[in-house]
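Below: the structure, in structure tokens.
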Ligand code: HOZ
């Protein structure tokens with residue numbers, strides 16, 4: 001039992017917060033540790049309450065693509081703070097952020113701001129159902145779309161980390177219209193669509209899965225989803241909460257050249273403040289109240305501080321060179337990890353898309369949730385703990401992705417690889 005301030009704060013938190021955390025993976029249960037309580041962050045580093053520094057590859061689970069406390073974000077926040085924190089009435093900031101998204105992502109003609117990725121996907125599913133007047137939603141095993149009842153089926157992220165199939169409290173009746181298929185299984189998808197395609201309201205997926213670890217779409221998978229949803233009049237929903245403005249300036253849909261009907265965003269578009277959004281073609285988006293009758297609302301939706309952080313972040317990402325730089329840094333990080341594993345005869349599969357990366361302790365290819373579950377989770381936990389001791393902060397679950405920011409320096413990444421080499425040697 002350590003005497004660290006983090007452990008003391010965790011024990012206090014457990015008395016008043018379930019599990020001591022406000023989101024389950026943070027409890028670090030699956031990697032056999034206790035959470036660090038964080039005091040501050042700057043650029044690519046965070047410091048815990050005991051004064052230890054860590055190079056951060058979690059970046060608040062993705063939003064901080066510019067690193068911690070980027071001057072442009074802080075300046076914009078300070079400027080907006082002068083005028084107030086929330087009005088529950090429209091401000092120009094909402095239109096500015098909406099326009100920034102629309103300018104970059106051609107499939108989005110109109111967009112509605114909400115407060116989290118969960119709200120975005122939940123609302124997009126409702127919209128797809130309202131628009132098509134159908135009920136069935138198809139998702140994919142290991143994709144996580146937040147914790148709304150309809151989508152909490154064979155989900156990744158925390159649910160996968162805890163090893164539970166779903167959640168008590170989600171009535172069977174509520175999910176009887178949710179079908180979860182195998183990610184990257186083109187034939188299975190075609191078979192299902194040919195059978196029930198005319199009942200399907202929407203097909204939702206993470207175009208690059210990031211909540212079963214990082215898993216890329218195989219050639220033809222996204223194309224087939226597009227073809228068959230169009231054929232049967234179902235709405236194709238890309239959950240770009242994680243990939244949006246991270247894997248490319250025009251997000252995963254731009255990178256892979258697929259145009260979804262609806263897209264969900266979060267993380268990067270909030271620049272570290274709580275934001276979600278869903279958008280798409282005008283004829284679908286116009287079904288939302290008050291223009292249409294599909295209802296969705298929120299007291300803090302479009303909050304000025306959140307809009308400001310998002311605007312500052314997207315403006316910093318305007319230049320294409322930023323993405324080239326992010327990609328180069330991420331490649332350096334992930335190939336370094338691969339070399340460290342190879343040098344120590346540790347089977348490891350690594351990959352990255354833009355500045356989103358992932359690794360699995362296995363010698364087999366990982367293309368779906370079943371593959372991800374078969375990887376060596378014990379080895380992951382040992383690696384995670386070793387890296388943490390060396391000052392490298394990774395997500396405390398194999399079923400999450402790693403993120404790199406523009407603030408990660410060559411020295412940060414070199415240090416990470418050196419430490420990885422040492423830890424791999426002892427695995
Ligand atoms: N499970 C989410 C990321 N994939 C959020 C985790 C957290 O915020 O603790």
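The values are calculated or read from the model by the stated rules, or taken from the named source; none is laboratory data. Please read these numbers as outputs of a predicted model, since none were measured by experiment. Positions of Cβ are generated from backbone atoms using ideal geometry, with glycine treated the same way; all protein chains shown enter the neighbour counts.
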**OP:** List the number of the failed condition for residue 17; all other conditions in (1) within 16 Å of the ligand (Cβ to nearest atom); (2) modelled with pLDDT under 95 hold.
**Re:** (2)
Original post:
Looking at region 249-259, is at least one residue over 11 Å from the mean Cα position of the chain (by Cα), more than 16 Å from the ligand (Cβ to nearest atom), in a loop (DSSP other than H, G, I, E, B) and surrounded by 24 or more Cβ atoms within 10 Å (Cβ to Cβ)?
Top reply: no
**OP:** Pick out the one residue from 98, 53 that is more than 30 Å from residue 180 (Cα to Cα), touching a strand residue (DSSP E or B) at 6+ places or on another chain (Cβ under 9 Å) and either modelled with pLDDT under 95 or surrounded by fewer than 15 Cβ atoms within 10 Å (Cβ to Cβ) (or both).
**Re:** 53
**OP:** Give region 293-331 a look and list any residue that's in a helix (DSSP H, G or I) and surrounded by fewer than 17 Cβ atoms within 10 Å (Cβ to Cβ), or say none.
**Re:** 315, 320, 321, 322, 324, 325, 328, 331
Original post:
When residue 44 is evaluated against the numbered criteria (1) under 28 Å from residue 147 (Cα atoms); (2) away from the ligand (no atom under 16 Å from the Cβ), which criterion, by number, is the only one it fails?
Top reply: (1)
Subject >> From 62, 51, 33, 29, residue being within 15 Å of the ligand (Cβ to nearest atom) and at positive phi >> reply: 62
Subject >> Within region 194-216, considering residues that are buried (at least 23 other Cβ atoms within 10 Å of the Cβ) and farther than 24 Å from residue 123 by Cβ, the one farthest from the ligand (Cβ to nearest atom) >> reply: 215
Original post:
Within region 272-292, can you find the residues that are under 17 Å from residue 103 (Cβ atoms) and either without any contact (Cβ under 8 Å) to a residue 40 or more places away in the chain or part of a loop (DSSP other than H, G, I, E, B) (or both)?
Top reply: 281
**OP:** Within region 218-240, identify whether any single residue is closer than 20 Å to residue 313 by Cβ, in contact with a strand residue (DSSP E or B) (Cβ under 6 Å, 6 or more places away or on another chain) and within 16 Å of the ligand (Cβ to nearest atom), and answer yes or no.
**Re:** yes
